[in-house]
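A quick write-up on the structure given underneath.
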Amino acid sequence: MLSKIAGFEVRYQLFSPTFIAVFTIFFLLCFGGVTIDNVQIGGGGATNINSPNALTINILIFTIFGAIIPTALLSSGVLRDQSFKTEEMFYSRPIRKLDFVLGRFIGGYIATALA
């Protein structure tokens, strides 16, 4: 039952607007930083693009944006159950609470890792 819940969560997250927006923003940020000379995320001015300072700032910016992703994707499972009032329906079936919560977490974690 755990794999079915995790699979459902992954499928739901991959087609959600939040996942598509986050994936698109990160893709365009990386693609623009690599291919376009005018887009400089870490370096600027007299700093070389591959200097340690520029790479540190680049990693810092991606980390700050990356901290938002798990919050946006993992919280939707809990909020979705409360807003649609389906939490009572899930527990009426013969599934364990641990399988349900862990399946939701694993599915959200896989979607977060893919983004």
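General observations
- The ranking of I36, I106, I61 from fewest to most other beta carbons within 10 Å of each one's beta carbon is I36, I61, I106.
- Extension gain for I36 to L79 (0.36 nm times residue separation, less C-alpha to C-alpha distance): 11.6 nm.
- Per-pair calculated FRET efficiency, R0 = 30 Å: F65 and V101 via Cβ, rounded to 0.05: 0.65
- Exposure proxy for S3, S76, S92, S16: other Cβ atoms within 10 Å of each Cβ, ordered fewest to most, give S92, S3, S16, S76.
Every number here is computed from the coordinates shown, using simple stated rules; none is lab data. Computed from a predicted model, the values in this text were never measured in an experiment. Methodologically, a virtual Cβ is constructed for each residue, glycine included, from the backbone with ideal geometry; neighbour enumeration extends over all protein chains shown.
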